[in-house]
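Enquirer: Submitted below is the structure of interest, expressed as structure tokens.
The values are calculated or read from the model by the stated rules, or taken from the named source; none is laboratory data. Keep in mind that this is a model prediction, so the values were computed, not measured. Reconstructed Cβ throughout: ideal geometry from the backbone, glycine too, with neighbour counts over all protein chains shown.
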Amino acid sequence: MFPQIRWRIAISYFILVTVVMGGLTAYLSRPGCLGDAGCVREAVSTAAILLLLGTAIVAFPVAARTTRPVRQLSQVIQRIAAGEWEARILPQTRDEMGALILAFNDMIDQLRLQHLALLEENGQFNTVLNYMVDGVLITDSEGNVRLINPAATKLFDLSEETALSRSFAEVVRHHQLIDLWQQCQSEGKEVTAAVEIGRELFLQAIITPFEEGWAKGYLVILQDLTTVRHLQTVRRDFISNISHELRTPLASLRVVIETLQDGAKDDPETAAHFLDRAANEVDVLTQMVEELLELSRIESGQVPLRLQATAVADLLLKPLDRLKPQAERAKIELILDLPAALPKVLADPERIHQIVTNLLHNAIKFTPDGGKITLQAHKAEGESAVAISVHDTGIGIPKEDAGRIFERFYKSDRARTRGRGGTGLGLAISRHIVQAHNGHIWVKSKEHKGSSFYFTLPIATPDDR
Ligand SMILES: Nc1ncnc2c1ncn2[C@@H]1O[C@H](COP(=O)(O)OP(=O)(O)O)[C@@H](O)[C@H]1O
Ligand SMILES: [Mg+2]
């Protein structure tokens, strides 16, 4: 083991003093020197000079040896402060300096572990905040925004930097939310309210006061309830629609039966006519119930798709044949435009027949006599899908209806007033089936010019059988 610094200095001095004192004694013990004042002065002053020189010679390397690691240490501290956590010095000696450096390295190792743990914790916290669908805001007790997550900045359409320099009121710009915050501040307990922002956004706001060691303030959580609200509206509309749709054929049936009861039944010809009408209304009701059942089965995922690689022609020819007589009756030209080399698609043929039938049926229904309907297919979506389309030269769809015709029961006013039978469920069912195939369905239409319905199906890969 190396001598410790203080021992090194003590031993060096001991040797130095012994040597100088020894020299001095030897000098003084020369014959006649002690009696000679000049000799004694010379001996003492030489000894003093030697001691001084010796001290300098001993002190200099000791000082240099001691300060070098201190300088290195301060450089390493600067590097660590700049984030270079790997920076270390190796102890060169086993003295106090060496011990200090070992302790320093240990401390940095510990600090680094704590730093990493903190970083991880902070990272997890940020991940939660960043990916949360709910908006989160923290304000201090004066109402200045101290934290805001991306969901909240999106809700209020401003950047994080802008929000952080502002008050809660300036950030949310909504009187109900501001009132709620003030209520929470005055009552000192959690408050909750449903808030409508603009015409499209429904939020559930929860504001909670908190007091932690580090601060005091309010936690604001904003949950987007728009989808839930939309579902509630859809359900309400659905029930009112279904009641309405059932009422019409039922009312007709009632009229027919009353007319029969009032005497029409006694005239065979009239009776037959009214019974025909009754049968028609029952057909409409039956179809509606069947389509409703179908829709509900599809929506609840009870209709498993039997997907198989299928030639596009096999998806189109059957429905086309089935609807040909109907088109002929209406003097509508029905054209199939199918490129020769189309790849196979991954589809459940039965289900796709259902869609094509509905699209062709609609096209015939909404195209005046003498019109033209074209059934087409082509590659789409960067060659990864095939688009099947039905073009007609019919009445077209008003712009305001085009976005809604895929909703259950939706029929344009004109379709209603013209009394073209139908439940308004066909396109809703078609959309579900297309989506289950990972495809899209959409419409392009010009009023009085005609409509084009498109849907895509993924091209089958060699693995699909
Ligand atoms: N080819 C078309 N031309 C014009 N309007 C159409 C066409 N296809 C569908 N529509 C409109 O979309 C509505 C919904 O269609 P759909 O869901 O098939 O129900 P339905 O055929 O029972 O009326 C129709 O009532 C009609 O208003
Ligand atoms: Mg239809």
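Enquirer: Could you tell me which of the residues Gly439, Gly424, Gly394 is within 14 Å of ligand 2 (Cβ to nearest atom), in a loop (DSSP other than H, G, I, E, B), modelled with pLDDT of 90 or more and in contact with a Phe, Trp or Tyr (Cβ under 8 Å, 6 or more places away or on another chain)?
Expert: Gly394 is the lone residue from the list that is within 14 Å of ligand 2 (Cβ to nearest atom), in a loop (DSSP other than H, G, I, E, B), modelled with pLDDT of 90 or more and in contact with a Phe, Trp or Tyr (Cβ under 8 Å, 6 or more places away or on another chain).
Enquirer: Another question, if that's okay. I need the full set of residues from segment 71-95 which are over 30 Å from Leu119 (Cβ atoms) and exposed (fewer than 13 other Cβ atoms within 10 Å of the Cβ), in order please. Reasoning before the result, please.
Expert: Step one: filter segment 71-95 for residues over 30 Å from Leu119 (Cβ atoms), giving 71, 92-95.
Within segment 71-95, just Arg71 meets the criteria.
Enquirer: Does Gln75 qualify as being outside any helix (DSSP H, G or I) and under 29 Å from Arg8 (Cβ atoms)?
Expert: On the way: outside any helix (DSSP H, G or I): no; under 29 Å from Arg8 (Cβ atoms): yes.
No: the conditions fail for Gln75.
Enquirer: Report the residue count in segment 197-247 for those that are modelled with pLDDT of 90 or more and β-branched (Val, Ile, Thr).
Expert: Residues meeting the conditions: 5.
Enquirer: Give me the residue from segment 321-341 that is closer than 15 Å to Asp392 by Cα and acidic (Asp, Glu) and, out of that set, farthest from the chain's Cα centre (by Cα).
Expert: This residue is Glu328.
Enquirer: Are any of the residues in segment 230-247 within 21 Å of Met132 (Cβ to Cβ) and touching a residue at least 24 places away in the same chain (Cβ under 8 Å)?
Expert: Taking every residue of segment 230-247 in turn, none turns out to be within 21 Å of Met132 (Cβ to Cβ) and touching a residue at least 24 places away in the same chain (Cβ under 8 Å).
Enquirer: Continuing with this model, one more query. Please work out if Val345 is in contact with a helix residue (DSSP H, G or I) (Cβ under 7 Å, 6 or more places away or on another chain) and near ligand 1 (Cβ under 8 Å from one of its atoms).
Expert: In short, no.
Enquirer: For segment 328-368, how many residues meet the condition of being within 15 Å of ligand 2 (Cβ to nearest atom), hydrophobic (A, V, I, L, M, F, W, C) and assigned to a helix (DSSP H, G or I)?
Expert: The qualifying residues number 6.
Enquirer: On to the next question. Identify, by number, the condition in (1) in contact with a Ser or Thr (Cβ under 8 Å, 6 or more places away or on another chain); (2) in a helix (DSSP H, G or I); (3) away from ligand 1 (no atom under 11 Å from the Cβ) that Gln376 doesn't meet.
Expert: Only one criterion in (1) in contact with a Ser or Thr (Cβ under 8 Å, 6 or more places away or on another chain); (2) in a helix (DSSP H, G or I); (3) away from ligand 1 (no atom under 11 Å from the Cβ) is unmet by Gln376, namely (2).
Enquirer: Now a separate question. Filter the strands (runs of 3 or more DSSP E) completely within segment 134-200 down to those with at least 1 residues that are farther than 22 Å from Val228 by Cα and charged (D, E, K, R).
Expert: 135-140, 145-148
Enquirer: All but one of (1) more than 16 Å from ligand 2 (Cβ to nearest atom); (2) of a type in the set (S, T, N, Q); (3) over 22 Å from Glu328 (Cα atoms) hold for Ser445; state the number of the condition that does not hold.
Expert: Answer for Ser445: the failing condition is (1).
Enquirer: Being in contact with a helix residue (DSSP H, G or I) (Cβ under 8 Å, 6 or more places away or on another chain) and within 12 Å of ligand 1 (Cβ to nearest atom) narrows it down to one residue among His432, His448; which is it?
Expert: Selected residue: His432, the only one of His432, His448 that is in contact with a helix residue (DSSP H, G or I) (Cβ under 8 Å, 6 or more places away or on another chain) and within 12 Å of ligand 1 (Cβ to nearest atom).
Enquirer: What residue, of Leu320, Leu315, Leu295, is in the same structural domain as Glu407 (by TED's automatic domain parsing), among the aliphatic types (A, V, I, L, M), in contact (Cβ under 8 Å) with a residue 60 or more places away in the chain and surrounded by 14 or more Cβ atoms within 10 Å (Cβ to Cβ)?
Expert: Details: Leu320 fails: in contact (Cβ under 8 Å) with a residue 60 or more places away in the chain; Leu295 fails: in the same structural domain as Glu407 (by TED's automatic domain parsing).
Being in the same structural domain as Glu407 (by TED's automatic domain parsing), among the aliphatic types (A, V, I, L, M), in contact (Cβ under 8 Å) with a residue 60 or more places away in the chain and surrounded by 14 or more Cβ atoms within 10 Å (Cβ to Cβ) holds for just one of Leu320, Leu315, Leu295, which is Leu315.
Enquirer: If we scan segment 89-100, do we find a residue that is touching a Lys or Arg at 6+ places or on another chain (Cβ under 8 Å), in the same structural domain as Tyr13 (by TED's automatic domain parsing) and at pLDDT 85 or above?
Expert: Looking through segment 89-100, none of the residues is touching a Lys or Arg at 6+ places or on another chain (Cβ under 8 Å), in the same structural domain as Tyr13 (by TED's automatic domain parsing) and at pLDDT 85 or above.
Enquirer: Scan segment 42-95 for residues that are of a type in the set (Val, Ile, Thr) and closer than 30 Å to Asp106 by Cα and jot them down.
Expert: Val62, Thr66, Thr67, Val70, Val76, Ile77, Ile80, Ile89, Thr93
Enquirer: A further question follows. So which residues in segment 233-271 are surrounded by 11 or more Cβ atoms within 10 Å (Cβ to Cβ) and among the small types (Gly, Ala, Ser), if there are any at all?
Expert: Selection gives Ser240, Ala251, Ser252, Ala264, Ala271.
Enquirer: I would also like to ask the following. Please go through segment 1-40 and give me each residue that is outside any helix (DSSP H, G or I) and hydrophobic (A, V, I, L, M, F, W, C), ordered by number.
Expert: Filtering segment 1-40 down to residues outside any helix (DSSP H, G or I) leaves 1-4, 29-36.
If the condition is that a residue be outside any helix (DSSP H, G or I) and hydrophobic (A, V, I, L, M, F, W, C), then Met1, Phe2, Cys33, Leu34 are the ones that fit.
Enquirer: Then there's this: List pairs: first residue in segment 432-455 and surrounded by 23 or more Cβ atoms within 10 Å (Cβ to Cβ), second residue of a type in the set (Gly, Ala, Ser) and in a loop (DSSP other than H, G, I, E, B) anywhere in the structure, Cβ distance under 7 angstrom, at least six positions apart or on different chains.
Expert: Ser451/Gly394; Ser451/Gly396; Phe455/Gly439
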